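Below is one structure, written out as structure tokens, with a few remarks after it.
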Amino acid sequence: MRLRFALPLLLFLVLVAVSGLALYQTSHGKRDPQQLPSVLLNKPVPTVEIPLLQQGGSVFSLAEYRGQTVLVNFFASWCLPCRLEMPLLGSLANEGIPIIGIAYKDRAADTEQFLAEFGNPFHAIGVDTDGRIGLEWGAYGIPETFLVDQSGLVQWRHAGVVDQAVLETIRPMLP
Amino acid sequence: MMRILVIIFGLILPIQTALALTAEERLDDPELENRARIISAQMRCLVCQNQSIEDSEAGLAKDLRIEVRRLLTQGQSDTEIITAIQQKYGDYVLLSPPMKPETLLLWLSPILILLIGGGILWQHFRTQQTLAPPPVVAVRISNSRPLRTRTMLLMLGLLIALSAGGYGVLVELGIGNNQQAAQLEEQITGMVQGLAERLEDEPDDLAGWQQLARAYAVLEQTEDAVDALIHIARLMPEDWQAQTFPLEMILAQGLSTEYKVQAKELLARLAALNGERLEYLFFAGHYAKLDGEVTQARAYWQKLYDSLPENSPILEQLQREINGL
């Protein structure tokens, strides 16, 4: 076959193959085009001081959790999907995995009421009133969950509800 | 009529469709604020995909705008700020992706497409050449151009495509682009300066002054443009539009206070020509308001209000302006 026919045909086939692969991955849940890769992956977790919800004025830092695998969950009382994942986070907490909640752009009283209503799976609850801590973490949507390993490196990030299927993907990383 | 509509809408618009930026975000230092806007314009709003954070009303975009300004007031450089945000949100936050191994294919794609296209054309050109020229009779019957003309056309097309593509690549890579633009601007500025100097000796050269005013407007030397327009208005005291043009420009650029004396002179000429026309009523009201002569301003605008057709879309706004006096 002549090059002038073969070349465009080849290019077209390559295009079809690439698009097909992407479509396959998307439809089989292997790739979510809405998910942004986190820059934090395999990088040390931000250790900025986070004000605590309960003890007025005191702060904590992720550095205190060095040596443990922890989940960090950005949530808010105004965030409807956050309600969905509270039971699952609760069962993870019962397994002994420390979960740190960060109340994103929320009023303290509203957060308290949210936790009273939908359960409190959190080992510690920080507050991020103006979204600055979210910026540190590169968060772009609530709920957003990070997995931090024993050496303080971010291993995984998920924007959206943590459901059973999502949980399965991180199972191997949990102790 | 159309023009006055445009002007009045111009007065309203800045209030209604300003930037997403809100007043409390804005920095007091205009230079820092300007840098903040340049930085923000380069950053993608992550939750709205193809808007910059400067344009977006999303909460995250607002947070990032505030963060940019906070870092600026701490004295960080533009590059430091961009790097800081890029380290948290990744390359995706930049509207223009950086050149690195992962993005090489993206950056080289114009060259690749050019090479492939050129290759196809070259192949085509070669097969054409190897064909024996058709007999002259056949050419006449088919009425097509002789082969040589066609080859020349093809080569010409190829040349144009290559140079256009090449230019596109240069622009995309940012090579030579800024330098060229700067040179061009310098040339134009030089030419305009020459014209201005010549016109100083020939104050009556109307065409020359019109050219100068246009040139200043293009170069965004607003005050010079207004001065030239005022000069033209003096040269043509009987021409209605020659008087309204500088008034509109003064208004649009927010220079009403600085040019009050000159504006009064223009208004006086408009009044002498026809004190009933809508433009005159609008501007006369505007300057009366500036002078704090509320009663007079109200009288002008009320008259304007009464002269407008009943279904005019600006009646309501005008009423509000009158009430606000």
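List the helices (runs of 4 or more DSSP H) inside region B:244-325, counting only whole elements, that have at least 1 residues being touching an Asp or Glu at 6+ places or on another chain (Cβ under 8 Å) and closer than 27 Å to residue B:221 by Cα.
B:260-274
For region A:105-139, what are the residues that are out of contact with any helix residue (DSSP H, G or I) (no Cβ under 6 Å at 6 or more places or on another chain), open to solvent by less than 10 Å² (accessible area, probe 1.4 Å) and more than 10 Å from every other protein chain (Cβ to nearest Cβ)?
Of everything in region A:105-139, those that are out of contact with any helix residue (DSSP H, G or I) (no Cβ under 6 Å at 6 or more places or on another chain), open to solvent by less than 10 Å² (accessible area, probe 1.4 Å) and more than 10 Å from every other protein chain (Cβ to nearest Cβ) turn out to be A:111, A:114, A:125, A:126.
Any idea how many residues of region B:24-50 are open to solvent by 50 Å² or more (accessible area, probe 1.4 Å), within 16 Å of residue B:86 (Cβ to Cβ) and in a loop (DSSP other than H, G, I, E, B)?
Total satisfying the criteria: 1.
Looking at region B:78-101 only, could you name the residues that are within 30 Å of residue A:132 (Cα to Cα), open to solvent by 70 Å² or more (accessible area, probe 1.4 Å) and not in a loop (DSSP other than H, G, I, E, B)?
Correct list: B:79, B:80, B:87, B:92.
Checking residue B:101 against (1) modelled with pLDDT under 85; (2) within 20 Å of the chain's Cα centre (by Cα): exactly one of these is not met. Which one?
For residue B:101, the failing item is (2).
Applying the selection to region A:48-75, what residues are open to solvent by 20 Å² or more (accessible area, probe 1.4 Å) and within 14 Å of chain B (Cβ to nearest Cβ)?
The answer is A:48, and nothing else.
All but one of (1) touching a strand residue (DSSP E or B) at 6+ places or on another chain (Cβ under 8 Å); (2) more than 12 Å from chain B (Cβ to nearest Cβ); (3) under 19 Å from residue A:93 (Cβ atoms) hold for residue A:161; which doesn't?
(1)
Suppose the filter is buried (at least 20 other Cβ atoms within 10 Å of the Cβ), of a type in the set (Val, Ile, Thr) and closer than 26 Å to residue A:43 by Cβ; does residue A:99 pass it?
Against the criterion (buried (at least 20 other Cβ atoms within 10 Å of the Cβ), of a type in the set (Val, Ile, Thr) and closer than 26 Å to residue A:43 by Cβ), residue A:99 does not qualify.
Matching residues to (1) among the small types (Gly, Ala, Ser); (2) touching a Ser or Thr at 6+ places or on another chain (Cβ under 6 Å):
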{"position": "A:107", "(1), (2)": "no, no"}
{"position": "A:111", "(1), (2)": "no, yes"}
{"position": "A:122", "(1), (2)": "no, no"}
{"position": "A:126", "(1), (2)": "yes, no"}
{"position": "A:136", "(1), (2)": "no, no"}
{"position": "A:148", "(1), (2)": "no, no"}
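Looking at (1) open to solvent by less than 60 Å² (accessible area, probe 1.4 Å); (2) more than 27 Å from residue B:62 (Cβ to Cβ); (3) basic (Lys, Arg), which one does residue A:171 not meet, given that it meets all the others?
With (1) open to solvent by less than 60 Å² (accessible area, probe 1.4 Å); (2) more than 27 Å from residue B:62 (Cβ to Cβ); (3) basic (Lys, Arg) applied to residue A:171, the lone miss is (1).
Can you work out which of the residues in region B:51-74 that are more than 20 Å from residue A:136 (Cβ to Cβ) and either at pLDDT 90 or above or more than 14 Å from chain A (Cβ to nearest Cβ) (or both) is most open to solvent (accessible area, probe 1.4 Å)?
Ranking the qualifying residues of region B:51-74, first place goes to B:57.
Based on what the data block shows, is residue B:284 outside the structural domain of residue B:213 (by TED's automatic domain parsing), over 32 Å from the mean Cα position of the chain (by Cα) and buried (at least 16 other Cβ atoms within 10 Å of the Cβ)?
no
The values are calculated or read from the model by the stated rules, or taken from the named source; none is laboratory data. Not measured: the values here are computed from a predicted model. No Cβ is skipped: glycine too gets one built from the backbone with ideal geometry, and neighbour counts run over all protein chains shown. SASA here: full protein model, heavy atoms, side chains in, ligands and nucleic acids out. Shrake-Rupley method; radii C 1.70, N 1.55, O 1.52, S 1.80 Å.
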